[in-house]
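> Mind having a look at this structure? Questions to follow.
The values are calculated or read from the model by the stated rules, or taken from the named source; none is laboratory data. These figures come from a predicted structure and were not determined experimentally. So basically every Cβ, Gly included, is an ideal-geometry build from the backbone, and we count neighbours across all protein chains shown.
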Amino acid sequence: MGNVSYSAHISNGKSAITSKSKLQGVAKHNLRKYKSVGYSSENIILLEGTENLYQDVRNIYQQEFDEAVREYNEKQKRPERRIDDYFEHVAKLDQDMAVEIIFQCGDKQFWEEHEDSKERMYNVYRYVLSKLQEYLPDFKVANAVIHFDEASPHMHVVGVPVWSGTKKGLSKKVSKRNVFTPSTLSVVLQDKLREEARSCFKFNIHEIIGDKKKGRNHDLSVSEYKVQQELQNLQKVESQKQFLETSVVSARQKLTNLKLQYDEMDEEIQSNLTDKKKMVESLDTQLETKKLVLEITDEELKQKSSFLELLDVVKQLIQSYLPLQPDIEEFANTVERGESITAGNSFRSFLSTLGQLLLSFKEMVQEGFCWFPRLMRWNTSKGEVAPVFRDDPDGYSYKLEGFRNIATKAIYRAENLKGEICSENRIGSLEQIQGSVEVLERQFEKKEGIIDFTKRR
């Protein structure tokens, strides 16, 4: 009995609120505006103000000092002496722009033994807050919260010390020294509020707060003051931020240099692809010629000279087409495996040989989609189909989305044609065309009549 501790600490020294950044740090700590192990915004109770402590303090400045600032500015003949915003003005003076008081009744050991009574401290701290405003009216309370998420429930009170006794300058000023005098600290915080807390604590918790100890009458230390730790953490974060910004600049420069190197490599690759690119550009003409060959009538085929000339044309096309065969085979195999196609490297900004081929052959269906009916088709239960791909914005990769009927334009999901998209069902391949030509030659030499190879694809 009579051994329960009472403390009323005010912000001082390193924990003093002497800048906007420190005020923001106090706001983050008190209202749990950051993620921290063991802390929870659900276990704090707001007694005064809002969840925007920083703005609460600014509002006090406006309420208490706007009239004094207006009167002061009217007396100034020199514009540079006028004050536009008193809050911003004080923030630049390296003085206490706000003061925090931390009230705590009972230590960690006491509350470990009285866990069930913690909630009743709401009544105690609400009463102490009202008495603080009564005994110390020059301390304008902006925000007050109770923390229940730490070892001992305690109350943080943030306010502005307003002094009206000035003879020069503004009629009202912010002044911690004139509001929190040694007498105020001793009589109000340590004597009167202790007695008020004692009576209310006894009524709600049924325990007695101990007497004031000697040598503690003017206690300005904040031995358990957690705001300072949070401010230090914020300063570390800011330092890390600056380091990262510098690192990003350096990394961007390195990336620029690498891009120049890759651009040189790309130029070399593009030079090597020139011949194949020319083949691709003329492929439409080649395909039209192939179509004409496949549509040759029996009458035309009976003419030896014309027939041989046409065969020579087809053979030449096949020979010119052969360099692209590996890329076409890669395309077909990838489609049959149901995989996406990587056509190039977005970082290096160049297309592979297959990428160049696909770029020339793709036919747009709608925005973001393309298909390749002229490159390779498959004979399925849904008819002749060609793959449909989703094209990335830069054209470096294609994701297989399904298949589209050549004749009807109907689109089918890849799952619906599973097992049918295989090498056995390929149609229009280079090997098939070459085989048809060989059959025609043999038939012509034997004079057995010409086979209609337009049905053999």
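> Please indicate, with yes or no, whether at least one residue in region 82-99 is part of a strand (DSSP E or B) and modelled with pLDDT of 95 or more.
Keep residues of region 82-99 that are part of a strand (DSSP E or B), which gives 98-99.
Next, only the ones that are modelled with pLDDT of 95 or more stay: 98-99.
Yes; the residues of region 82-99 include at least one that is part of a strand (DSSP E or B) and modelled with pLDDT of 95 or more.
> Tell me, please, whether a residue that is over 29 Å from the mean Cα position of the chain (by Cα), over 30 Å from K202 (Cβ atoms) and either modelled with pLDDT of 90 or more or in the same structural domain as W163 (by TED's automatic domain parsing) (or both) can be found in region 18-36.
As a first pass, look at region 18-36 and keep what is over 29 Å from the mean Cα position of the chain (by Cα): 18-19.
Still in the running and over 30 Å from K202 (Cβ atoms): 18-19.
So of that shortlist, the ones also either modelled with pLDDT of 90 or more or in the same structural domain as W163 (by TED's automatic domain parsing) (or both) come out as 18-19.
Yes, because at least one residue in region 18-36 is over 29 Å from the mean Cα position of the chain (by Cα), over 30 Å from K202 (Cβ atoms) and either modelled with pLDDT of 90 or more or in the same structural domain as W163 (by TED's automatic domain parsing) (or both).
> State all residues of region 92-107 that are surrounded by fewer than 18 Cβ atoms within 10 Å (Cβ to Cβ) and under 38 Å from the mean Cα position of the chain (by Cα); if no residue qualifies, say none. Quick ask: steps written out before the conclusion?
Residues of region 92-107 surrounded by fewer than 18 Cβ atoms within 10 Å (Cβ to Cβ): 92-95, 107.
Matches in region 92-107: K92, L93, D94, Q95.
> Still on this structure, please answer the following. Is region 55-73 home to any residue that is more than 42 Å from the chain's Cα centre (by Cα) and either at pLDDT 95 or above or acidic (D, E) (or both)?
To start, the set of residues in region 55-73 that are more than 42 Å from the chain's Cα centre (by Cα) comprises 67-73.
Adding the requirement that they be either at pLDDT 95 or above or acidic (D, E) (or both) leaves 67, 71.
Scanning region 55-73 turns up at least one residue that is more than 42 Å from the chain's Cα centre (by Cα) and either at pLDDT 95 or above or acidic (D, E) (or both).
> Just checking, which of I433, I406 is of a type in the set (V, I, T), modelled with pLDDT of 80 or more and over 35 Å from the mean Cα position of the chain (by Cα)? Please lay out each step first, then the result.
Working: I433 fails: modelled with pLDDT of 80 or more.
After ruling out the rest, the residue left standing is I406.
> Something else now. Restricting region 371-386 to residues that are in contact with a helix residue (DSSP H, G or I) (Cβ under 6 Å, 6 or more places away or on another chain) and at pLDDT 90 or above, which is nearest to N333 (Cα to Cα)?
Looking at residues that are in contact with a helix residue (DSSP H, G or I) (Cβ under 6 Å, 6 or more places away or on another chain) and at pLDDT 90 or above, I get W378.
Yes or no, residue by residue, for (1) at pLDDT 80 or above; (2) in contact with a Lys or Arg (Cβ under 7 Å, 6 or more places away or on another chain):
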| residue | (1), (2) |
| --- | --- |
| K176 | yes, no |
| F180 | yes, no |
| E196 | yes, yes |
| D211 | yes, no |
| Y225 | no, no |
| A251 | no, no |
| L255 | yes, no |
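> If I filter region 115-132 down to residues being within 20 Å of E51 (Cα to Cα) and surrounded by fewer than 20 Cβ atoms within 10 Å (Cβ to Cβ), which single residue comes out as nearest to the chain's Cα centre (by Cα)?
Here is the first cut: in region 115-132, the ones within 20 Å of E51 (Cα to Cα) are 122, 125-126, 129-130.
If we keep only those that are surrounded by fewer than 20 Cβ atoms within 10 Å (Cβ to Cβ) too, we end up with 122, 126, 130.
Values: Y122: 39, R126: 41, S130: 44 Å.
My answer is Y122.
> Taking K22 as meeting all but one of (1) within 30 Å of K212 (Cα to Cα); (2) in a helix (DSSP H, G or I), write down the number of the exception.
Among (1) within 30 Å of K212 (Cα to Cα); (2) in a helix (DSSP H, G or I), the lone unmet condition for K22 is (1).
> Just one of (1) among the aromatic types (F, W, Y); (2) at pLDDT 80 or above; (3) in a loop (DSSP other than H, G, I, E, B) trips up F389, so point out which.
All conditions are met except number (3).
> Please go through region 147-164 and pick out each residue that is of a type in the set (V, I, T) and either crowded, with 24+ Cβ neighbours inside 10 Å or in a loop (DSSP other than H, G, I, E, B) (or both).
Here is the first cut: in region 147-164, the residues of a type in the set (V, I, T) are 157-158, 160, 162.
V157, V158, V160, listed by residue number.
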